[in-house]
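The values are calculated or read from the model by the stated rules, or taken from the named source; none is laboratory data. Fair warning: this is a prediction, and the values are worked out from it, not measured in the lab. Counting neighbours? That spans all protein chains shown, and the Cβs are built from the backbone with ideal geometry, glycine included. Side chains are part of the model used for accessible areas, which takes the heavy atoms of the whole protein and leaves out ligands, DNA and RNA. Shrake-Rupley method; radii C 1.70, N 1.55, O 1.52, S 1.80 Å.
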Amino acid sequence: MTKFNLFKSAPEGNTSNSTVASQDKEKGTAAAAHHKRPASSRRSSYESAVQGNGVVLAKNERYSHDHGRPASVNATFEDGVVMESGFRGYLVVFGGFLTILAAIGYVSIYGIFQAQYNESYGARGSTQSAISFVGSLAVGFQFGFSIIAGPVMNRFGHKVILWSGCIIGSLGLLLASWCNELWQLYLTQGVMFGIGASLLNLAATAIPPLWYDKHRGLAMGICFAGAGIGGLVLGFIIPALINAVGIYWTLRIYAIFHFVCTAFAALVMRAPRQLSGPPMAERKDTINLAILRDPGFMLWFVAAALFGFAYVVPFTYVPSFAKDVIGLDPNVKGGQLLSIMSGANAVGRVLIGMAGDRLGAIRVAACTFTLAGLSCFIWMFAETEGALIGFSVMYGFFSGSFFTLVASITANIVGLAHLGSGLTVIFLTNTPGNLFTLPIAGQIFEKAHDYKSMIGYNAAMYLVAGAILFFLMFYNRWTKRVDSV
C-alpha cells in the first residue's frame, strides 16, 4: 500500500501551530523518507472535501499520530488521508450494522408496543397522544441528546459513548419491564433508552465514513440497513414473544439482545489510526457553529427538521390503522406489516446509498423524500390489506434515505473536517419533530376522528422537505459547489 504523509509543518507565521510544527520537524528525515512519494500523485482528501464550499474551514489544526488519544469526530483531514477499509473497515461497518439493528431498529417495531400500551393504559383513561409520548421521548432523545453526545465523543473518544450507550439503553429497556405507570415508561423506555440510542447512533454515523471515500454511501447504507433488518425480523419475533411470555418478559429479552449486539459493536468499532486526535488543550471548538452561516447548510437544516416530523408516524400508527379501518389483528397482522415495511426499508437503504454514490446524495434524497410523501396517499385511501401492504413496501423503501445519506450530504456541504459538528447540528434539529410528532399526530386523529387528516400531515412534511432539497440542489449548481448534488 502506498504510504501518505499525514503530518505537515504549520505555515510560517502561524504561531498557533508552532508546537505541532516543531514536533513534526523533530521526526527527522527518517519519517519523511518513510512517507515520501511524488507530489504530482498526491490527492488531498481535505481539498476535495472542502472545494467549493461556502464555509471557510479552519486548516490550522494539526493532529498528531498518537494511538493512545481519543479519536475526534471533528478531525481535520490533511493531504492524503488514507481510508483503511479492508477487513477492519468491514468489521467497523458490521459493528455499525448491529448497533443500528438493536438501537434504531426499535423505532421500526415500536408500533407493536404502542398497540399493547393502548390496550393496557388506555383502559385506565390515558389518551392515545399521552401513550405515544413514550415513543416520542425515545426518538426525541435519540436525536436531541446529540448536542451532548457530540462534545463527549470529541472529548473522550468513541469508545466512551459506545459503552455508555450500550449500558444506558439496555438498562432503560430492562427497567421498563417493571414499570406499571405511564410516567415510569417516560423515564425508562423513553428518556433512558433514547439517550442510549443517541450515543450509539452518533458513533454508528460518525465512525464508518472515516474508513471509506468512494463507497461511503454504500457503507452507510449497509450500516443503516440494520434498522430495516431489525424491524423485519423483530416484527415477527416481538408479537410472538408478547403472545408467549407477555410484554414485560419481552422487554427483558430485548434488553439482553440489545446489550449483546451493542457490546460487540463497542469492542470492534474504532476510528482509523491516522485520525487519532490531539491533546484536548489544542482544540479550540467542540462544535463549529460557523457552518450555520452557510445558506446551503441551513436549507439542509430545515429539510432535516421536517423529516423529523414525518418518519416515525407510519411505523407507529400502521398497526392501529390496520385494526380500526381494515379489521386486522394489530399484533399479528400489524407486526407483519411493520416487518414488510422494515424489510423494504433495509433494501432501500442499501440501494439508495449506492444511488447516492453514483448520482449525488442531495439529488437522491430530494427524490426519495418526495416519493415517500406521495406514498402516504396510498395509506390514506387504503381499504384492503393488499393496499396497506403496497404502502408498506413503497414507504419502507423510500423513507429511510435520510439515515443513509445524512453523512454524505453533511460532509459535502461543510466538509469532512467538520462532519462531527454538522452531524451534531443536524441530529439536534431532528429533535423537535421526533419529540412532538407522535403527540401531534395523536391530537390530529382525536380531533378529526379519522386517520386521513393525520396521514395528510405526514405526507406534507415529506413533500415540503423534498421541495427544499430540490431547491438546495439548484442552489448548489448556481453557486458552482462541487460534489454536493
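Remarks
- Members of the stretch 318-332 that are open to solvent by less than 40 Å² (accessible area, probe 1.4 Å) and modelled with pLDDT under 85: 319, 320, 328, 330, 331
- Here 120, 85 are screened, and the one residue that is modelled with pLDDT under 80 and open to solvent by 30 Å² or more (accessible area, probe 1.4 Å) is 85.
- Boolean, residue 363 is within 19 Å of residue 463 (Cβ to Cβ) and surrounded by fewer than 20 Cβ atoms within 10 Å (Cβ to Cβ): yes
- Among the residues making up the stretch 442-460, those that are small (Gly, Ala, Ser) and farther than 18 Å from residue 374 by Cα are 442, 448.
- Test: residue in the stretch 167-187 that is open to solvent by less than 50 Å² (accessible area, probe 1.4 Å), within 21 Å of residue 425 (Cβ to Cβ) and either touching a residue at least 24 places away in the same chain (Cβ under 8 Å) or polar (S, T, N, Q) (or both): no
- Residue count, the stretch 215-257 (criterion: among the polar types (S, T, N, Q) and crowded, with 17+ Cβ neighbours inside 10 Å): 1
- Condition check for residue 222: in contact with a Phe, Trp or Tyr (Cβ under 7 Å, 6 or more places away or on another chain) and touching a residue at least 12 places away in the same chain (Cβ under 8 Å): yes
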